[in-house]
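The values are calculated or read from the model by the stated rules, or taken from the named source; none is laboratory data. Just so it is clear, the model here is predicted, and its values are computed rather than measured. Virtual Cβ from ideal backbone geometry, glycine too; neighbours counted across all protein chains shown.
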Amino acid sequence: MEEDSKLVKNLSKGNILAFNTLFRKYSSHLYRFAFGYLKSKEETEELVQEVFTKIWENHSNLKKELSFRSYIFTIAFNIIRKHFRTRNYISKYFNTEIFNDIDLHTSQEITCNSLHDYILDLVNKLPEKRKEIFVKSRFEGLSVKDIAEEMGISHKTVENQLTNALKFIRNNFNRENFLFFLVLVLIIL
């Protein structure tokens with residue numbers, strides 16, 4: 001715990017080595033914890049990335065006396081709860097009378113095509129390097145490690161570019177398209 005306190009203190013000052021050390025120390029534990037709930041490798045990897053992104057974004061507010069382990073697991077648990085609340089909300093939405101008479105197959109095709117076009121439009125608005133990284137990750141299915149090696153850049157750069165791309169897409173999704181996106185994800189799962 002004393003080692004964690006020193007690392008947290010250094011991280012709060014913006015020390016990237018402390019961040020990387022904490023990431024290496026806790027990411028696999030966090031992954032196993034989240035996978036137990038999510039049962040999806042991709043969702044679990046995104047959750048771990050989101051937790052550590054939040055840690056980095058708030059690093060200047062960290063207190064060295066805080067239990068870093070408890071802190072990251074609390075963040076992860078809250079994200080998981082939010083994930084299941086969203087799934088539950090969408091499930092209830094599907095069970096309303098609005099969807100009783102809809103041909104879901106036709107609806108899926110329309111939603112999928114519209115959403116795909118909308119996402120491509122947003123992706124095309126990304127800066128060139130960010131767009132390339134996003135396409136390799138989300139459309140070609142390459143891992144962060146593979147993208148970093150292929151492009152000759154660091155893992156951290158790839159993760160940051162993906163985080164920024166996802167943030168841009170989330171911020172530019174209007175509520176209606178976001179709902180269709182969530183519905184589509186549930187249909188595909």
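What the table below lists for this structure:
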| item | result |
| --- | --- |
| Checklist (1) touching a Ser or Thr at 6+ places or on another chain (Cβ under 7 Å); (2) farther than 23 Å from ARG170 by Cβ; (3) assigned to a helix (DSSP H, G or I) applied to VAL48, failing item | (2) |
| Near pairs, Cβ below 6 angstrom, 6+ apart or cross-chain, from the range 70-84 (over 17 Å from SER28 (Cβ atoms)) to any residue that is hydrophobic (A, V, I, L, M, F, W, C) | ILE79/LEU47 |
| Test: ASN95 is surrounded by fewer than 11 Cβ atoms within 10 Å (Cβ to Cβ), at pLDDT below 70 and outside the structural domain of GLU159 (by TED's automatic domain parsing) | yes |
| Top-ranked residue of the range 6-37 - restricted to ones that are without any contact (Cβ under 8 Å) to a residue 60 or more places away in the chain and in contact with a Leu (Cβ under 7 Å, 6 or more places away or on another chain), ranked as nearest to LEU142 (Cα to Cα) | ALA34 |
| Number of the exception - ALA165 against (1) part of a helix (DSSP H, G or I); (2) at pLDDT 90 or above | (2) |
